[in-house]
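Single-structure report; data block below.
No lab work stands behind these numbers, since they all come straight from the coordinates. Every value quoted in this text rests on a predicted model; they were computed, and no experiment measured them. For neighbour counting, all protein chains shown are included, and Cβ atoms are generated from backbone atoms with ideal geometry for every residue, glycine included.
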Amino acid sequence: MRRIVKVYRNLLGIMYSERPFIIFLTIVTAMLSGASNPIFVWVNRQVLNLGMDVAAGKIAFSEYMPYLVLFVACALLPQLFSMLLWTYIDPACELILRTAYKGRMMQKLKRMRYEHLESQASMEIIDKAYDRAEIAAQHLFPKYMCNAITSFVAVAGILYQFGVVRWWLPITLIAPFVLETYLSYINHFNIYEEMETYWKREREYEILGDMLKSREYVKENRLFGSSDFLINTYKSRLNGRNREYERYYFMYLKKHFTSQNISRFAQIGNVLLLLWIYSQGGIDIGQLIALTLSIFTSLWNSLREYTYIFQGTGYHIKAFEYYEKYFNLSEDSYGKMDEMPEDTSIEFDNVCFTYPGTDKQILHNLSFTIKSGEKVSIVGENGEGKTTMVKLLLGLFQPDSGQIRVGGRPLSDYSQSVRERLFGPVFQDFAKYSISLNENIGVGDMDKINDKFAIDAAMKKAKVDVFASKLAEGGDTLLGRDFEGGVDISGGQWQRVAIARAFMGDKPILILDEPTSQLDPMAESELYSEFAEMSAGKTAIFITHRLGSTMITERILVISGGKVVQSGSHAELMAQGGLYADMFNSQKQWYVKNGEVA
Amino acid sequence: MIDRTTRLEQNIEHENKPSIKHLFRLWVFVFSSTKVISSIYLGLFIVLSFLRPTLAFLWGKYITTVKGYTKGHNLLPAVFLLIGYFIISFAADLIESYMAANGDGDLEQLDLVQANRQQELMHSKMFKKLSRVSSEYFEIAKLNDKTEQVFNFAGDGWGGVNRQVMLNSYIVIAKIVSVLSIAASLFVFNPWLCLIVLIAPLPTLWTTTIGEKLRFKFVRKNTKLVRRIDYFQSLMLSSASKEMKTLGLYDFFYNKWKTHADEYTMKEKKLIRNQTAIEMANSFLVNSANVGSMVFAITLFTTGQLSLGELGAAISLVGTLMNDSSQLLSSIASFLSKKNNAAQFFDLMDLPEQKDEGKAMGTFDVLRAKGLKYRYPLTGRYVLNGIDLTIKKGEKVAFVGENGEGKTTFVKLITGLIQPSDGELTINGTSAGELNPIDRYRNQSTVMQNPSRYFTFTVRDNVYLGDTMRARDEGAIDAALKFAGFEGQDGDEMLGKDIGGIDLSGGQWQKLAIARAAYRNRDFIILDEPTSNLDPLAEAEVFQKYIELAEDKTVIFVTHRISVAALADRIVVFKGGKVLQDGTHEELIAQDGEYSRLYKEQAKWYNR
């Protein structure tokens, strides 16, 4: 109950701040349309009784007229009220809530720690919050609230008329409903709990479904003849979910059936009671018809509305729990140090790291220092933690133990604005934004997003200008295939855009994570040659598989098993022998075929 | 430009005109996909349409009976009527609430069962279609748009056009039955009453059509806007958020999202206003007619033309009829309004398929290209502009050249994913167009440039996907993983972090793709830059293994790394969509042309 109050306070708070009038309108409409129900019961009785009198010639038709008018009003008004409610108020609320909720949720992303996006537990919360909070809000307001008010007014008014006949009639009418509502609340809660557990299954077939319609996958499936197998897998995953649902549904249906029978049988009991009272002369024929009808229609519907509300509330309040949990996901913390450090040395001090929710330690006591202005290559085999190390350095993940220092201070001491200006990263899976080319590069430094001059300079440095000039609208060309009119550029060209992005804003620390994996050899070679110029005066980390590139850096760190195993210049490491020399020679040997070296 | 590609372009550009024909095709399509459940549904709807009028009669009968009751007489007939009434209304309510006949079901409804099953069967059919469409269409961005569009409105269980079309058609059929039967019975009471009630809802047909049209237009006009809104939302939740976090880009993208979302909201507000006006007017009209006919019935009653029982039955019938006929009309209108979607649906579903027929390729012997040209559909430039090349069984050939010179395109032609625009390509002497395309796929092992990452499957499943036609061979999977040098992860680990599995590094994924091709184990092997993400040791090992493969295996590999190419028996240099050089490493170095230029450019980094 406390939860319900809290949720409604939250909801109404949003509505009140956006459009207070809507709340007022909702309540008034709901009350009026509720009130028309008992009035109609009364009017029905009068219309029937007096109508017979008119037919018998006991009263004049003119005397009868006011009742007919009332009849018309009572029959028409509720319809109009509900029209107003569902075609105006409901969609209007939907719009307000959609903007307000989504807006708040999206703003949370800014503060939320990145690591949640890589954790299943958090993703489930995020997914459900995004999927359901909005719909839940819509159900809770105006639907449930409105129905609750309408039904309350209607039930009270109708029960009053029964109470007039016999004081105990309201009790025989209401008691079975209370029991039924209680039972179905419990049952429903269970089915929703059950459905909560489908999330992983649903993700599994959704992800597979996305593959089955993505063209790269479709092509490969075709080549390997695996389409049918995959489609069958999709089908059986979906079928598994469906069967599970049906099994549970039909099991629950039996329970539901029993509980619904309680009020149903009470219904037949009550109308028979009325018939008996009538036969004893306790009520007139008009009353009998009007009241019997109301037991089958308006009273029944209004009371059942409560059953529905209680059934659904559990589910929707639950959705709000995800919404709340989402907002409670841990957020980034930043320090107070608001000045850019002069010295941009980087120090990893006994850093250990395990991805949250996994048990394999990726970094074991990783320690190294990179001096301010130094250019360092980091090499190592696949899956040894190079990219993880970058994520830690950028503050996307927190070390389990140990410390990362920049300019001699712990990374966490720096303020958000410093952190955002410190690094120029090029990720292995860099982002390809479907926005204009200029913006794609400009986002590297938000202060200069409109600074054409700076963007042009970055383009030039990364050799983006070479193909940019060939695009129809130059820098204003929309990139990517997501939207109509967007131009898709090649993987290598995207990589150059990502590199240009890293040059924006003159960030003191450059981090390049395999920046040439999609470049052809000539382009790669060019980038190496330009590296010195690009990184002049900066601290630079160059992660690579292609060992030729180690020539462009002063020092090489070899990472293996989550540790630095070797460190030194190319010559030193070659002299040492070991992993680096092995790797280098294995690549070099191909260029030293038959003794000829180019 | 008129060439073989032109026909393809015409097919993909073709758009069906919205018509009833496609709507009925869609209906048949969905019905035949979900025969059992659809029949049950339709049956229940028809039963329901008889129950309501029956109730009205029982009610009238009951009133007459109690009216005629005088104290001390037998109450039993009234009791039985009441119980009969109760049982039928119970049944009707149950059917109605479980089927969500009004279209607004909730989770607990039986309708979800139907919706789920429809989703299962429709999606499978749609995916099947995609897996059969001629693969060349996948080179065209427009196919993406079509697919995206169709999957947006069709296939989904709850919100899909399939469910709407079916539900509306059930309602139409059921309501025709009930409207006719009720109208006939009302006619018995009073012909005028019947007429008023039948005519009154006609405006519904018009208002619903207008309303649906407004909505359709709105959706069509704003699809792009919605796509942008969705794009920015999902972008902020994607792996791009790494970058957003480090560079502080959230506000920038949030504002982009907000601008578009607000714009959409403004437009939708206007739509709602218009729809409200129409609906209100319609509802007012229909309800007035409804109430009017009740008042008419009451007047008849006061003049003694209807008895009290008849009045009760008549009012009840009027209400049911009014309700049913407006539902009938609005369902007809919304059924018809889906013809646009139906046309779009068949734009995709009618695309020509790649059939498992034609001349079998057999084991690979020789491939010949002569004056081979290719341009991507809907583009005007020949990416391949006259390739002349012969590859024989057992050769290990490397394709080199800079980006965009046509290597990958040529590889796609060899695999059969695309067909020549012009010129000649023969395999074992048969021209590519006459070969059975599926058979070509069956005879080769491939590693694509961007290999698929089959999330939600285990590492070993990913390998098994290389050949699902033969029984799963765990030993061969082990051997394939070993061949690719895949290590560091347990083979039974589920892949995909967001479902609680693990993710692999780029290099590990690539090794997995190599293992997949190795598991497939065919004699004709095509590798398109299979090692771009591998570390040097792994790369050397992989290539050495391919070169050392048995004599009867033909290997074609595309690479950027000249050092790797040097391992091949033969090197083909692509430039400007043509073959520029062709020979062994030593020969090409000696020629001192493009090849040696590329070689030197890369070797200099190792020259120390």
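Here are the numbers for the structure shown:
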item	result
Spacing of the two label points (7 Å from each Cα toward its C-beta) at A:GLU244 and B:LYS482, in nm	3.7
Karplus-derived 3J(HN,Hα), 6.51/-1.76/1.60, for each residue of region A:152-158, Hz, glycine and proline x	4, 4, 4, 4, 4, x, 5
Tail fraction, Cα-Cα pairs, region A:346-592, threshold 26 Å, whole percent	42
Virtual paramagnetic centre 7 Å along Cα→Cβ of A:GLU473, amide N under 14 Å, in region A:431-452	A:434-440
Which of A:VAL41, B:VAL36 has the fewest Cβ neighbours within 10 Å, and the rest in rising order	B:VAL36, A:VAL41
In nm, spacing of pseudo-spin labels at A:VAL164 and B:LEU285 (7 Å Cα→C-beta vector)	3.9
Chain A: relative contact order as a whole-number percent, Cα under 8 Å and 6+ apart	14
Residue order, fewest to most surrounding Cβ atoms within 10 angstrom, among B:ILE571, B:ILE20, A:ILE552	B:ILE20, A:ILE552, B:ILE571
Calculated FRET value between B:MET266 and A:ASN301, using beta carbons and R₀ = 30 Å, to 0.05	0.25
Karplus-derived 3J(HN,Hα), 6.51/-1.76/1.60, for each residue of region B:293-304, Hz, glycine and proline x	6, 5, 4, 4, 5, 5, 4, 4, 5, 5, 8, x
Cross-link table A:LYS6/A:LYS254; B:LYS221/B:LYS256; A:LYS128/B:LYS146, entries beyond 31 Å C-alpha to C-alpha	A:LYS6/A:LYS254
Estimated FRET transfer efficiency (A:ILE4, B:THR379; beta-carbon r; R0 60 Å; 0.05)	0.50
Calculated FRET value between B:THR430 and B:GLN591, using beta carbons and R₀ = 30 Å, to 0.05	0.35
Sequence-distant residues sharing a close amide H with B:MET494 (under 5 Å, placed H)	B:ILE502
Label-to-label distance, nm, for residues given as B:LYS35 and B:GLU15 (7 Å Cα→Cβ offset)	3.7
Lys, Arg +1 and Asp, Glu -1 on Cβ, resulting dipole of region B:12-349 about Cα centre, debye, nearest 20	580
Cβ-based exposure ranking for B:LEU534, A:LEU527, in which fewest neighbours within 10 Å come first	A:LEU527, B:LEU534
Chain B, helix-only ellipticity at 222 nm - DSSP H runs n ≥ 4, -39,500 (n - 2.57), divided by all residues, nearest 500	-20500 deg cm²/dmol
In range of the label at B:GLU148: residues from region A:453-479 whose backbone nitrogen is under 18 Å from the point 7 Å along Cα→Cβ	A:477-479
Under-5 Å amide H pairs with B:ARG570, H placed in peptide plane, nonlocal only	B:LYS396, B:ALA398
A:LYS375 long-range amide H proximity, modeled H, under 5 Å	A:ALA540, A:GLU554, A:ARG555
³J(HN,Hα), Karplus 6.51/-1.76/1.60, whole Hz, each residue of region B:6-15, x for Gly, Pro	4, 4, 4, 5, 5, 4, 6, 7, 5, 10
Set of region B:168-194 residues, backbone N closer than 19 Å to the point 7 Å along the Cα-Cβ line of B:LEU202	B:176, B:179-180, B:183-184, B:187, B:191-194
